[in-house]
Amino acid sequence: YHPHGDSACYEAMVLMAQPFSYRYPLVDGQGNWGAPDDPKSFAAMRYTESRLSKYAELLLSELGQGTVDWVPNFDGTLQEPKMLPARLPNILLNGTTGIAVGMATDIS
């Protein structure tokens, strides 16, 4: 569930699947995920498939070992991790760029 609908989630997933956007992509995608000269030229959701990349599986490999607390999801029907454990420092390996209220960051 996302308050802005599925398009916001899909665009985030597209970014995580583009090998030219991340040094280590988190999503292994099949289909048209855009091009380096036009990253917004990706295909509609119904024309693409995805799964976690090996790198993402490594990041989440300790999830089932009781390393983090679990809380109810948005409607209380499932349990989800309170935070995601990571075996590797993803922010240092992939970097980040963003703008928030009154501040900006660019870690490459």
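Coordinate-derived values only; no laboratory data. As the structure is a computational prediction, the values presented were derived from the model and not from experiment. Neighbour counts run over all protein chains shown; Cβ positions are idealised from the backbone, glycine included.
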The chain: most fluctuating residue of V71, V14, V27 per GNM, C-alpha cutoff 10 Å = V71
Loop sites in the stretch 1-57: trypsin sites (Lys or Arg not before Pro), DSSP, at most 16 other Cβ within 10 Å | R23, K40
Simple spin-label model, 7 Å along Cα-to-Cβ: L58 to F74 in nm?
-> 3.2
Of G5, Y22, F42, farthest towards positive along the dipole that unit charges on Lys, Arg, Asp, Glu beta carbons give the chain | Y22
Most exposed first, judged by fewest Cβ atoms within 10 angstrom, Y24, Y47 run Y47, Y24
How high is the FRET efficiency between T67 and A43 when r is their beta carbon distance and R₀ equals 30 Å, given to the nearest 0.05?
-> 0.25
